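J.: First the structure, then my questions, so here it is.
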Ligand SMILES: NC(=O)c1ccc[n+]([C@@H]2O[C@H](COP(=O)([O-])OP(=O)(O)OC[C@H]3O[C@@H](n4cnc5c(N)ncnc54)[C@H](OP(=O)(O)O)[C@@H]3O)[C@@H](O)[C@H]2O)c1
């Protein structure tokens, strides 16, 4: 049984908020983060909010120090980008990595020593289907999430023997506030294909599963005695995870382009 505290990054909205609400409703102490906790108009009862800008190392260190030891860390906060590789500057890619990847690693490292010494702790990272399925126009986002999958699988092998459990939960489309930063300069050679991709993506988002679906899955993983490395959540997503293991990469990429009505 989870005693807490559970630290949920990005708990002001979307999946993080649904997760924080579900945990608090069970009486589990929750620490939730936001870049600006004072701007949360309807804070959840039972949730202690802390400031965290994951792209800023000083903010990450301050957040970890203010939180103190936690039983569970859910690395949920994330941002997304959409744009052709040619059109997205390296600086924009670096910015996304600072937030989705390096900041997350810094935060994880802040909690690991105490978890290892206690012989107990759980870390759940939130991935994305964009990682394993690599659709076009999300190269930076997919790279941060594929990198996170590798990081999760490696870390879990290192710390498992100290009683620390590490898993990745991979959501499909979940109806939240996530809005990818769109990079589409005038005259882009990719404009038509990118517009078609955005249209298909927005349609899928309209029919996406509610954040409570993802939150319930994350709690299930949290409660497992011996969790596996990767779990999928969302409409048809476990089946897609199965296909990913089955199909050759070339077939998979064709399927993904079909999924977004490209070609
Ligand atoms: N929704 C989907 O379809 C979907 C699919 C696959 C994966 N995911 C992943 O699920 C996770 C949650 O996303 P969501 O869909 O719930 O998005 P969301 O509704 O936009 O919520 C994102 C959360 O991240 C926080 N955040 C944003 N930038 C931050 C920064 N620089 N530092 C710290 N926190 C920051 C936000 O808090 P503040 O704005 O208050 O700081 C917010 O609470 C992300 O990792 C995302 O990649 C989502």
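J.: At 7 Å along Cα-to-Cβ for each site, give me the label-to-label distance between residue 244 and residue 116 in nm.
T.: Rounded to a tenth, the inter-label distance reads 2.8 nm.
J.: One quarter of the convex hull surface, Cα atoms only: what value does that give for the chain in nm²?
T.: Projected area, direction-averaged: 14.1 nm².
J.: Students often get this wrong: which residues of segment 27-41 have the backbone nitrogen under 11 Å from the point 7 angstrom along Cα-to-C-beta of residue 177?
T.: The answer is 34-37, 39-41, whose backbone nitrogens lie closer than 11 Å to the label point.
J.: Note down the nm distance, to one decimal, between modelled labels 7 Å out along Cα→Cβ at residue 206 and at residue 65.
T.: 4.9 nm
J.: Can I ask one more? Just to check, using Stokes-Einstein with a Kirkwood Rh over alpha carbon pairs, what's the diffusion coefficient of segment 164-205 at 10 °C and 1.306 mPa s in µm²/s?
T.: The estimated diffusion coefficient comes to 123 µm²/s.
J.: Here's another thing I want to ask about it. Just how far, in whole angstrom, is segment 146-216 from segment 41-64 if you go by their alpha carbon centroids?
T.: 21 Å
J.: While we're on this one: Between residue 109 and residue 150, what length in nm is gained on full extension when 0.36 nm per residue of separation is reduced by their alpha carbon distance?
T.: So the extension gain works out to 13.2 nm.
J.: How high is the relative contact order of segment 6-259, in percent, counting Cα pairs under 8 Å that sit 6 or more residues apart?
T.: On the way: 438 pairs, mean separation 51.6, N = 254.
Dividing the mean separation by the residue count of segment 6-259 yields 20 percent.
J.: On a 0 to 90 degree scale, rounded to 10, what angle separates helix 237-246 from the longest Cα axis of the chain?
T.: 70 degrees
J.: In deg cm²/dmol, rounded to 500, what helix-only [θ] at 222 nm does the chain give when every DSSP H run of at least 4 residues adds -39500 (n - 2.57) and the total is split over its residues?
T.: -14500 deg cm²/dmol
J.: Once both labels are modelled 7 Å past Cα along the beta-carbon direction, what's the residue 198-residue 263 spacing in nm?
T.: 2.4 nm
J.: Further, regarding this structure: For segment 1-64, what's the relative contact order in percent, using C-alpha pairs closer than 8 Å and at least 6 residues apart?
T.: It comes to 28 percent, rounded to a whole number.
J.: Quick one: helix 103-118 against the long Cα principal axis of the chain, what's the angle to the nearest 10°, folded into 0 to 90?
T.: 30 degrees
J.: Taking neighbour Cβ counts within 10 Å as the exposure measure, how do 178, 126 sort from fewest upward?
T.: 178, 126
None of the figures in this text is laboratory data; all of them are computed from the coordinates on show. Owing to the predicted nature of the structure, the values given are computational and were not obtained by experimental measurement. All Cβ positions, even for glycine, are placed from backbone atoms using ideal geometry, and neighbour counts span all protein chains on display.
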